[in-house]
1. May I ask for log10 I(q)/I(0) of region B:56-159 at q = 0.11, 0.12, 0.15 Å⁻¹, from a Debye sum over the Cα atoms as equal point scatterers with solvent left out?
2. Relative to the first principal axis of the alpha-carbon coordinates of chain B, what is the inclination of helix B:103-115, with its axis defined by its Cα atoms, in degrees from 0 to 90 and to the nearest 10?
3. Give me the count of lysine pairs in chain B whose alpha carbons sit under 28 angstrom apart, restricted to pairs 8 or more positions apart or on different chains.
4. What does the helix-only formula give at 222 nm for the protein assembly as shown: each DSSP H stretch with n ≥ 4 adding -39500 (n - 2.57), the total divided by the residues, and the result rounded to the nearest 500 deg cm²/dmol?
5. Based on alpha-carbon centroids, what's the gap between region B:149-169 and region A:115-173 in Å, whole number please?
6. Take the Cβ-Cβ distance between B:D202 and A:R209 as r, set R0 to 51 Å, and report the resulting FRET efficiency rounded to the nearest 0.05.
7. Percent antiparallel among DSSP beta bridges with both residues in the protein assembly as shown, to the nearest 5?
8. Rounded to the nearest 10 degrees, what's the angle between the helix A:5-14 long axis and the longest principal axis of chain A, both from Cα atoms, 0 to 90?
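Since every read-out is calculated from the coordinates, none of them should be taken as a lab result. None of these values were measured; they are calculated from a predicted model. Here the Cβ positions follow ideal geometry from the backbone for every residue, glycine too, while neighbour counts run over all protein chains shown.
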Amino acid sequence: MSLDKHEMAALVARDIRPGSFVNLGIGQPTLVADHLPADAGIVLHTENGMLNMGPAATGALIDPDLINAGKVPVTELPGSAYFHHADSFAMMRGGHLDVCVLGAFQVSARGDLANWHTGEPDAIPAVGGAMDLAVGAKNVYVMMTLFAKDGTPKLVPDCTYPLTGLGCVDRVYTDLATFVIAPEGVVVRETYGITFAELGERLAVPLLRLDG
Amino acid sequence: MTAVCCDTVAEAVAGIRDGSTVLIGGFGLAGMPVQLIDALIGQGATDLTVVSNNAGNGDTGLAALLAKGRVRKMICSFPRQSDSWVFDGLYRAGRIELEVVPQGNLAERMRAAGAGIGAFYCPTAVGTPLAEGKEIREIEGRTYVLEYPIKGDVALIGAHRSDRMGNLVYRKTARNFGPVMATAGELVIAQVSEIVETGELDPEAIVTPSIYVDRVVAA
């Protein structure tokens, strides 16, 4: 069976080491927070200036001055810290952030990432912090469906959408398989509801098996 | 000179000239100095270049300034949002210029302006359309893009409290771009919820020291 977005989020969470500093991108990557063990000491960073961000705020806890990068009201935890935007991106670019989890339109076999712009002439470009996260975090994990709604693969030999970053993606978590972008090529770690052979037929990217 | 405490927001934005580059704080509406922007609309300055993370939300604040046709160019990281219909309409009609800047570069370019840095090499956006036409340099095996400072004629920021000298403290994630913009603006105007007597703010907790701040107003 293929995975739903919650199961994908659980797989990402499984691979985040206790004690990591982690940034979860807007959209599906935020679901990863639901699967992080409470006792793992994982600290969430939000690029609008906070570490140790707590869960989404509800009811009386909603405070317009306390939001995440998706502009959703969130909460403080003991040990939370606030800082300004230049510091927030300096800690990212400076290699202090262990992991970021991002969505993507496309990832290439070399780990190039395209996730900010469809390139369509009438699209209004908006990049936010995606390019900074792509080059800054020590490990970049992508969470996406393996195929677009029209059936075209999103793991590709070369990205056709405008790039966010070059060679920055380390792992790709999809509904049908998880991949490691390794120096020797794209390694399939696990498959869900599809065989290794079927994956090879549907993707134009050479695939390696985890066991060699 | 330390800051002037203004009685009204109109007094706070007096003298902003047509054609100015205006840095506007806030991430979405958190930290956005909405009353100062409303006062700027009343003041009438036009042909502005606005630097802000977003390009307006809903119909208030920056969106209202855009709707009045006062902004020639937006420099921002994330214009397109579910509630950015004012900007979207102007952009699609070809009535506003847009420079999209990665969010960290936006902050760092203003930090550089405020810190007297002439330019800096940054790894962000290497190999992407946002690095096209920019100088590239390899340093110790890594590729960087040359980025120039963004300086404001004016900065409008939202803070939590000020003392009468203009020392500022912020509240939670509403801090965002405020401290950086306060260093990068020639004329820095802060809207706060309360102005307290000098000496009442803990010197250890002050985020923006008064040297950067020209005018404060409670709004």
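1. Log-scaled intensity ratios, in q order: -0.43, -0.50, -0.74.
2. 60 degrees
3. Details: B:K68/B:K151; B:K73/B:K134; B:K73/B:K151; B:K134/B:K151; B:K151/B:K172.
Value for chain B: 5.
4. Working: 10 runs with 81 residues, N = 431.
The per-residue figure over the protein assembly as shown is -5000 deg cm²/dmol.
5. 36 Å
6. Result of the calculation: an efficiency of 0.30.
7. Values: 31 of 80 bridges.
Restricted to the protein assembly as shown, the bridges split so that about 40 percent are antiparallel.
8. With rounding to tens, the tilt is 80 degrees.
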